[in-house]
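Each value in this text was obtained by applying a stated rule to the coordinates, not by laboratory testing. Worth saying up front: this structure is predicted, and the values here are computed from it rather than measured. All Cβ positions, even for glycine, are placed from backbone atoms using ideal geometry, and neighbour counts span all protein chains on display.
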Amino acid sequence: MDYADVLRKRQMVRSYTDEPVSDEALERIVSVVDRAPSAGFSQGYRVVVVTDQKLRQAAADIAEARYVELGFPRWIADAPVHIWVGTREQTYHERYSGEAVRPGWSEVPWPVPFWWFDAGALFMLLQLAALNEGLGTGVFSSVYTDELRALSDVIGLPDDVGLAGVITIGHEDRSRRMPIPPGAARRKPRDEIVEWRR
């Protein structure tokens, strides 16, 4: 698939068919971790691929409560694949602990938490790789600490790995696309986001 086509198809999918995703496609999607950027080649991200129905349902039971309250249909457990993306902050501290860089140095001050920055970059690479396989992707997570911990517990993430979010992957069911709710945010004009210095 041409890159322009992949980018054009990038959207959040919240309805999936029951057609499974092949193991070969999943291997190709997950292989992007080998090419994902990371600060100082720290590679603090962690990835868990979940196809087990019970685990997908357990995650949906936690994450969908707020969607359902807003009147949206359930969709998370319908996706045949969940890819959990986490990040381990300590990996970056170990990489930049001073002595690891150069004798006598102290750790860098981290004005940007690159462990989250890198997880976000990996997130997008995984989504684009899935799109390249002709699959749809969605995303779920939580902004609430208790829900994040509960989600992390579903798959047994270690305490030192923070959950960035979960990518849902599958074949899009175009017959039941989720409606855009009234008052939903729309894309801003490009001129509000991009400035040029020529």
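Which one, Thr91, Ala150, Leu128, projects farthest toward the positive side of the charge dipole computed for segment 3-171 from Cβ point charges (K/R +1, D/E -1)?
It is Leu128, whose Cα lies furthest towards the positive end.
Once each part is reduced to its C-alpha centroid, what is the distance from segment 33-112 to segment 155-171 in angstrom?
The two parts, judged by their Cα centres, are 6 Å apart.
For a protection proxy built on the mean count of beta-carbon atoms within 10 angstrom, sort 128-134, 167-173 highest first, please.
167-173, 128-134
Match the structure shown to one of the listed values [x] 1.08; [y] 1.13; [z] 1.38 of Cα Rg over 2.2 N^0.38 Å, computed from it, and give that label.
Calculated Cα Rg over 2.2 N^0.38 Å: the matching label is [y].
Determine the relative contact order of the chain: mean sequence separation of Cα pairs under 8 Å and six or more apart, normalised by residue count, in whole percent.
Dividing the mean separation by the residue count of the chain yields 34 percent.
Where a ≥ b ≥ c are the square roots of the eigenvalues of the C-alpha gyration tensor, would you call segment 106-173 rounded, which needs a/c under 1.5, or, failing that, prolate if a/b is larger than b/c, or oblate?
Verdict is oblate for segment 106-173.
Given charges of +1 on the Cβ of Lys and Arg and -1 on the Cβ of Asp and Glu, with all other atoms neutral, how large is the dipole of segment 3-171 about its Cα centre, in debye to the nearest 20?
460
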